[in-house]
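The numbers here are math on the coordinates, done by the rules we state, and not lab data. Being a predicted model, the structure only gives us computed values, none of them experimental. Note that we place each Cβ from the backbone using ideal geometry, even for glycine, and neighbour counts take in every protein chain shown.
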Amino acid sequence: MRYMLLIYGCNRPEPGDPGFAEALTRINAFVDECCRRGVYEAGDPLKTIETATTVRVRDGQALMTDGPFAETNEQLGGYYILDCKDLDEALELAAQCPMAMDGSIEVRPIAAAPRLT
Amino acid sequence: MTVAAAVERVYREERARMLAALVRVLGDFELAEEALHEACAQALRSWPRTGIPDNPVGWLLTVGRNRGFDWQRRAIKGREKQEVAAVHTGEAMPGISEDALVGLGDDRLSLIFTCCHPALAMPARVALTLQVVVGLTAGEIARAFLVGESTLAQRLVRAKRKIREAGVSFEVPPDHRLPERLSGVLAVVYLIFTQVYNASPAAPEHRELRAEAIRLGSLIATLMPAEPEVYGPDSADVAPRFAYGRPLRPGRRCGAAGRSGPHAMGPVADRGRRPPSRPCTETSLNRPVRAASGDRRRTRPGSDRGRHRLAANRRLVRGIGPHASRPPLSWTSTTRSRSR
């Protein structure tokens, strides 16, 4: 079953920050572990929420709004998509994810998208 | 024996085992329950004509499994019109034979590990175990924990759906995950025991439930002989900690006279039958209770331990209700030392 690990509320060190190299090493080690198990599908950090634009279409009109500007600890910071054996494996990997030490990780099963013929 | 009596007896005695096998095969609690009920209904219709089969459990499991697969296929067909990209059919064991179904071993243990999965909230775990493994109705559980029946029913449905949708496994966890999963399971087993211990002494089925709690505890003890958590602080034998309550006469109650219900009492070991006591350690089924109660006092052998435990049980049971101020079952530390 495929799971999405949604990463919330962690500080992401930028290049040049102290601890950046160490953080990157730990994250790479985590991704390597996922690849070694053959569960890794995708994963990316997201730019901060100041860069977000929200789109809604109402009455045929696309409305753009700047934001939303959620609190730091409510921002989605990044994600992984892992194809795990079961929830236990997904939870185990989520616990190994370095971002779990700092923020929190929501593990959500990915639903199958219905397709029209 | 009439057919109705035979069906009732098989259902009463083997319900959890059959349910466990069907859950494993069908991958869905709700479907498994419906399939088992349908199989029993089918038995009431068929057995008067065909006679009671030699292996009624196998018969019921086969009918239940086939009916469950039928429903799944029909559901998939319905969805195929929209062509669902990927469908979880739960047919992990499609070709399983009747013998293999019966021979799945005691799947009740894997069932209880699934019901006590940490992905579920503690109240849901307790309710689910009581309903699925022990066989209490939603109404009985609701009354026992003083919550509304509809609240509890909703809790059960949500828990079962989460197990299905989130891909919770139906396996006993592998060795490296066992210790962390075990304490939650033991708490639930202990609660089942204390809860049914308080039940009406006139009802023989409650004695069976108590035996069921002891059996499940013993099963865990057998599965994990090296795990001190399963054993009591002063138990030298295989029986888990609370089994000392077993020799108590049926109908003997403890707690204030005239009071009843979960808040009134807990198990008190029959001290006359207890093996020689050693100082109590923190590693046991008893420990979480003491930890939850904040009772850090070291209990002397032959002291008022029963009374302390009674108070602790009361808090534990109360913690399951909707007004719990904090989760009482969140102990995490594991003390391995058994000596003082």
task = Check the stretch B:119-136 and report whether any residue there is more than 15 Å from the chain's Cα centre (by Cα), over 21 Å from residue B:213 (Cα atoms) and either within 11 Å of chain A (Cβ to nearest Cβ) or among the aromatic types (Phe, Trp, Tyr) (or both).
result = yes
request  = May I ask you to list the residues in the stretch B:161-190 that are more than 12 Å from residue B:114 (Cβ to Cβ) and touching a strand residue (DSSP E or B) at 6+ places or on another chain (Cβ under 8 Å)?
outcome  = B:165
Flag for residue B:157 being buried (at least 21 other Cβ atoms within 10 Å of the Cβ) and in contact (Cβ under 8 Å) with a residue 60 or more places away in the chain = no
remark   = Residue set B:140, B:171; condition charged (D, E, K, R) and either within 14 Å of chain A (Cβ to nearest Cβ) or under 19 Å from residue B:218 (Cβ atoms) (or both); output residue B:171
inquiry  = Condition first: surrounded by 17 or more Cβ atoms within 10 Å (Cβ to Cβ) and of a type in the set (A, V, I, L, M, F, W, C). Now tell me which residues in the stretch B:160-181 satisfy that.
reply    = B:163, B:166, B:168, B:170, B:172
query = What strands (runs of 3 or more DSSP E) completely inside the stretch A:1-94 contain at least 1 residues that are more than 14 Å from chain B (Cβ to nearest Cβ) and free of Cβ contacts under 8 Å to residues at least 60 places away in the same chain?
reply = A:40-45, A:53-58, A:61-66
request  = Would you confirm whether any residue within the stretch B:23-39 is assigned to a helix (DSSP H, G or I) and more than 26 Å from residue B:114 (Cβ to Cβ)?
outcome  = no
ask   = When the stretch B:114-128 is examined, which residues are found to be crowded, with 24+ Cβ neighbours inside 10 Å, of a type outside the set (A, V, I, L, M) and part of a helix (DSSP H, G or I)?
value = B:114, B:115, B:125
